[in-house]
1. Sum -39500 (n - 2.57) across every DSSP H segment of at least 4 residues in the chain, then divide by the residue count to get the 222 nm mean residue ellipticity, nearest 500.
2. Round to a whole angstrom and tell me the spacing of the C-alpha centers of the stretch 183-213 and the stretch 1-74.
3. Relative to the longest principal axis of the chain, what angle (0 to 90°, nearest 10) does the C-alpha long axis of helix 79-88 take?
4. By how many nm would the segment from residue 287 to residue 114 lengthen if fully extended, with 0.36 nm per residue of separation less the alpha-carbon distance?
5. I need the peptides 209-215, 131-137 ranked by packing, meaning the mean over residues of other C-beta atoms within 10 angstrom, with the highest value on top.
6. Sort 73, 29 so the one with the fewest other Cβ atoms within 10 Å of its own Cβ comes first.
7. Quick one, which of [x] 30, 22, 20; [y] 49, 20, 17; [z] 33, 25, 19 is the actual semi-axes √(5λ) of the Cα gyration tensor in Å calculated for this model?
8. After finding the eigenvalues of the alpha carbon gyration tensor for the stretch 234-326, what semi-axes result from the square roots of 5 times each, listed largest first in whole Å?
């Protein structure tokens, strides 16, 4: 039985809860340790999933002592230290995305890969594990041929309410970028996973619309990072790409992929897929022959369950195609850093 430890119980978004439920659905493991810098959050998480008070730990070190594998669900600025500490103790690690901009510092990639060599490390890009995105990946492989364009947008609406207090996601020190890191990281990962598109150059800009929020626990009110970020780029095979992210008004993740073999449109949150086929050496088929598929019954609970199973497979020495490796995630982080730095050097007048 693989012992799972959770670091970071969450206060605003229930990512830790999703992880716990995913692992509880797999009979190969048990959640044996939970730690949060806010003890009440750890107790809440344990109680909500029937884990018992005995799993609550007083420190991350206690989690490492009581678990074989660690899931890190903390703010971005702590990811690096928890990964390093877990790796030193020989633990498998499932690390929430994005890694954090400090991962892309000069020389960091080589040091991290060497430090984690031989240890099971996976980054939690959970959208990879949706049935819809797996189907998109299969269509691209089987039908598309050369990809011409990759267009995507992703975001949410929760933070559009200006009455919500300041969160760590709105502070550069804790989060790095805002919508860019939170949602743009998913899009960059999906570009690689579904279509094999990896940007070699990119440029973009962001803006902060809700500059002040009700105070957080430390009395801070100033929003320091982007509410929305738009960027474009070119893939290593010449693909033309555009991306749009927003945390103040967008209805989930949309993908549009076009190429030699047709056009794919997919909306992750509704589960809708539309594929208009094309002969690689000819024209598009009549539009009435477009394929429509529905994956609405496959929701986040199933995605997190598959992700948990993929992590356990990795621990058992059977990595699958859905596993996002540390090297892949570091590549995404490098692009995010490039975009954030370029936007900071040439900010919009009202950003």
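1. Per the formula, -9000 deg cm²/dmol.
2. 30
3. With both axes taken from Cα atoms, the answer is about 60 degrees.
4. Extra length available between residue 287 and residue 114 comes to 57.2 nm.
5. In decreasing order of mean packing, 209-215, 131-137 become 131-137, 209-215.
6. The fewest-first ordering by Cβ neighbours comes to 29, 73.
7. The value computed from this structure is option [z].
8. With the √(5λ) rule applied to the stretch 234-326, the semi-axes are 29, 19, 17 Å.
Quick note: the coordinates plus some simple rules give every number you see, no bench work behind them. Every value quoted in this text rests on a predicted model; they were computed, and no experiment measured them. Glycine also receives a Cβ, built like all others from the backbone with ideal geometry; neighbour counts cover every protein chain displayed.
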